[in-house]
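Notes follow the structure.
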Amino acid sequence: MTFDAIIVILVLLFLVVSLYKEIVGPAMTFIIAVIVLGITHVLNPSEILDGFANEQIAVIVMLLLIGDIYRRTSVLDIFFDYIFKRSKSVKNFTARMMFIVAPLSAFLNNTPLVALMMPYVHNSAQRFKVSVSKLMIPLSFAAILGGCATLIGTSTNLIVNGLVTDQKIIPNLPELNIFDFTAVGLPMVFIGILYILIFGQKMLPDTKSAMENLPAIERDYIVEGRIKTNSSLIGKTINEAGLRNLEGLFLFEILRENIRITAVPNDTILIEEDILLFTGNTKSIADFVKSKKGIEIPSVGMFSRKKNTEVIEIVISHNSSLNGKTLKEVNFRARFDATAIAVHRDGETVAGKIGNVELKSGDAVLLLAGTYFEARLKDTIDFFLISRVKEIRRIGIGRTAFLVGGTVVVILLSALGLIKFFNGLLVLLTGLVIFKITKPKNLVKSVDYELVLIIALSLALGLAMIKTGVADLFAEGIIAVFKPFGKIGILSGIYLITTILAAFITNKAAVAVIFPVSLTLAQELNLDVMPFILVVAYAAAANFMTPIGYQTNLMVYGPGGYKFKDFFKIGAPLTLIYMVVTITILSLIYF
């Protein structure tokens, strides 16, 4: 064994231990590893930097940017609202959620998708009066299952594709196609979801998350709504209009000309210009402001037509110039580019016309803020920001059609081989900037630089393993152990080693370590290389056993109130099922 090979093995050991023990964090771990390879001359500077020019890294970054645009513009919110409001039970919601998230995850990067879904899951747990721990793991697992079904569904598959195009073991290997993963991924979507619905839900813990254990600090406000002219609610009863079942909001009074209707009966018929008084917390009111239910909030007025607004909660300061004055008197709307929706004072909600309420120090005020509010906030000591409740972006029907339609067109043209996926995404992002669906500065803020660093440096690590013969050494070890079991045994061995590494050191690191080994095995055994590529991708991406094995698992770990063993108890059987299905299908297709 050469000195360079010993260095690479020591670096790999450091990588595994550091990532598992979280000594210095993933990005710094890879930086240290590659620095050692550089100063010992295992890799030269150009070889270290080659990964940053990899096309697939750019594809991953662009997919994450597009996913973040969907989240910021709330395009998917309308779709989710429509789908999930019909759920009548926890099991029904879980099934709907998984069968919606999995297909979306096949074409949208699953990390921003899970981030987008988590508030819906948390609110639904409250609505069904169950612990959120019953829903968070199914959300993450559905995203993982769907992401494994296509090339673009998960960054792990794209990393594998990047390794394919950059590898030096087998010359001129073609890039992977978008649906090369579907033969295994699609049946596993159904098998995995059925497993979770039938067995997984029974094994899920019934625990409170850290968020649920905290004392409630949200304030209840009273918000005023008015039945608009030509509203679809005119002539409907309270029940028919669905106003009795608004999530987090309670309709307690209707003002009709000089009549006050309290303890509102369900059969009350709504008429034009009815004033409806609701009580609810900040999140529920923010959702109500955003929705279009045939009800307008009088205090909002023209603000409802602004493209970019945000629901914000402030508190009036002790020495504020607003004390003892109404919002109208201080011309609050023009002065701060914001309008008040509701006021909360001394543990009590404040009713009446918001503009006529005299403000006092300590009042909590819920605002709908415009574009210039942020700049004007810095120049005042009249109030302080408590929380940002919800961002509301309205991009219009045309821009929405361009965003959704453009995404679909790029995916289809790429799948048909008519365009390069990289070029299609580049054109789409350029169009999103030109048509002002996003801003260049937002794109810069949305880049996950740590992820880019890890992927690029993992390519350098794989190259070091090949150059020094470490990949060959590992390959010979796997052959020696699993060769008696034939080709299927070798594939199973690769799968087991990859999935174990991925479970404890992250899937990207596992791919970097095992991919060159798997490719070397295929070459030495003179077998079709494709199953040896795909088995690494599936084993690394379909990672259910630990919270640190996949980013979406880590995202739901804390909010779900889980313990490390919860993932293993539910994820280990699913991992074994995935391995059996993967090896069986790959063997039938390629051997």
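Please treat every number below as a calculation from the coordinates, not as lab data. Since the model is a prediction, treat every value here as computed from it, not as a measurement. Note that each Cβ is placed from the backbone with ideal geometry, even for glycine, and that neighbours are counted across all protein chains shown.
For the charge dipole of the stretch 1-88, defined by +1 on Lys and Arg C-beta atoms and -1 on Asp and Glu C-beta atoms about the Cα centroid, which residue among Leu65, Ala27, Leu10 has the Cα displaced farthest towards the positive pole?
Selected residue: Leu65.
With N residues in the stretch 396-436, what two-decimal value do you get for its Cα radius of gyration over 2.2 N^0.38 Å?
1.14
State, in angstrom, two size descriptors of the stretch 437-588 derived from its alpha carbons: Rg to one decimal place and Dmax to the nearest whole number.
17.3, 58
Mean shadow of the stretch 349-483, computed from the convex hull of its alpha carbons, in nm²?
18.0
Please give the calculated 222 nm ellipticity per residue for the chain, where each DSSP H segment of at least 4 residues contributes -39500 (n - 2.57) and the sum is spread over every residue; nearest 500 deg cm²/dmol?
Helix-only estimate at 222 nm: -17500 deg cm²/dmol.
Relative contact order for the stretch 1-150: what is it in percent, counting Cα pairs under 8 Å that are at least 6 residues apart?
The value is 19 percent.
Determine the principal axes of the Cα atoms in the stretch 453-498, then give the extent along each, sorted from largest to smallest and rounded to whole angstroms.
Reported extents, whole Å, longest axis first: 38, 19, 12.
Take the cross-link list Lys88/Lys228; Lys88/Lys569; Lys467/Lys508 and give me the ones stretching past 22 Å between alpha-carbons.
Flagged as over cut-off: Lys88/Lys228; Lys88/Lys569.
Between the alpha-carbon centers of the stretch 438-483 and the stretch 1-79, tell me the distance in whole angstrom.
Centre-to-centre (Cα) distance: 6 Å.
Quote the charge dipole size of the chain about the Cα centre in Debye, to the nearest 20; the model charges only the Cβ of Lys and Arg (+1) and of Asp and Glu (-1).
Roughly 1240 debye, rounded to the nearest 20.
Pull out the extension gain between Ile23 and Glu273, defined as 0.36 nm times the separation in residues minus the alpha carbon to alpha carbon distance; nm, one decimal.
So the extension gain works out to 83.7 nm.
Against the longest principal axis of the chain, how steep is helix 55-73, in degrees 0 to 90 to the nearest 10, with axes from Cα atoms?
Relative to the chain, helix 55-73 is tipped by roughly 10 degrees.
Given contacts defined as C-alpha pairs under 8 Å and at least six residues apart, what's the relative contact order of the chain, whole-number percent?
Result for the chain is 18 percent.
Residues with beta-carbon under 14 Å from that of Val160, excluding Val160: net charge, scoring Lys, Arg +1 and Asp, Glu -1?
Net charge around Val160: -3.
Could you work out how far helix 136-147 tilts from the main Cα principal axis of the chain, as a 0 to 90 degree angle to the nearest 10?
That helix lies at roughly 50 degrees to the long axis.
Measuring from label point to label point, each 7 Å out along Cα→Cβ, what is the Val130 to Lys88 span in nm?
Between Val130 and Lys88, the simple spin-label model gives 1.6 nm.
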